[in-house]
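Have a look at the structure below, then the notes.
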Amino acid sequence: MALNDDIALLSNVSLFADIGEDKLRLIAFGAERRRVAKGHELFREGAPADCAYAVAAGSFALSNANAQGRQQQVMTVGRGALLSELALISMVERKFTATAQADSEVIRINRPLFRRMLEEYPEVTAMVEARIRENIQAMIRRVEALAGRFA
C-alpha cells in the first residue's frame with residue numbers, strides 16, 4: 001500500500017484523529033507493514049509489548065485466559081483498530097492474544113518512533129494525554145456501571 005493509504009488509515013484511528021497529516025506522515029513513514037495469515041497470532045497475552053499495531057486489513061480475535069486457563073474470545077477488531085496503544089508510551093504486557101480471523105495486515109508503530117514524536121511536538125503530547133484521559137474516564141464509567149452487580 002502507498003504511504004498516503006497508511007496516513008488515511010492512521011487518521012481514522014481515534015488516538016491519532018487530531019494529529020495533523022504532516023505528523024501522521026512521519027509516523028507512517030517510520031512504521032512497518034506486516035501480513036498475518038489467517039489463524040496465526042500477531043501477539044500473545046502476557047508478552048512484553050514494545051509497539052502498537054493499527055489494523056490495516058482483515059480482522060483479529062482478541063482472547064485471554066479465563067479462570068481455568070483456557071483462552072476465551074473477548075472481542076473481534078477490524079480495520080482502524082489500534083492494539084496495545086499504551087505500549088507506545090510505556091513498557092506494558094499484552095493484555096490479549098490477537099489471532100487473525102482472515103488474512104490480515106497491520107501497521108507496526110514502535111515506541112521509540114512515537115516517543116520521538118512526543119518529544120518533538122508538544123501539541124501531539126497534549127492530544128495523546130487528552131485521549132488517554134478520555135479512555136480512562138470511559139473505563140471508569142464502565143466499571144462504575146458494573147459496581148452494583150458486585151455489591
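In the list Asp18, Asp5, which residue meets the criterion of being assigned to a loop (DSSP other than H, G, I, E, B) and modelled with pLDDT under 95?
Numbers: Asp5 fails: assigned to a loop (DSSP other than H, G, I, E, B).
From the options Asp18, Asp5, the qualifying one is Asp18.
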Number of positions in region 22-52 that are assigned to a helix (DSSP H, G or I) and either more than 24 Å from Glu134 (Cα to Cα) or touching a residue at least 24 places away in the same chain (Cβ under 8 Å) (or both): 8
- prompt: Can you spot a residue in region 57-78 that is loosely packed, with under 13 Cβ neighbours inside 10 Å, on the phi < 0 side of the Ramachandran plot and touching a residue at least 60 places away in the same chain (Cβ under 8 Å)?
  reply: no
query: Can you find a residue in region 97-105 that is among the aliphatic types (A, V, I, L, M), buried (at least 17 other Cβ atoms within 10 Å of the Cβ) and within 16 Å of Leu10 (Cα to Cα)?
result: no
- prompt: Could you say whether any residue in region 60-78 is within 13 Å of the chain's Cα centre (by Cα) and among the small types (Gly, Ala, Ser)?
  reply: yes
- request: Please verify whether region 11-21 includes one or more residues that are of a type outside the set (Asp, Glu), surrounded by 13 or more Cβ atoms within 10 Å (Cβ to Cβ), touching a Phe, Trp or Tyr at 6+ places or on another chain (Cβ under 8 Å) and in contact (Cβ under 8 Å) with a residue 12 or more places away in the chain.
  value: no
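The values are calculated or read from the model by the stated rules, or taken from the named source; none is laboratory data. Since we're looking at a predicted model, the values are computed, not measured. Neighbour counts run over all protein chains shown; Cβ positions are idealised from the backbone, glycine included.
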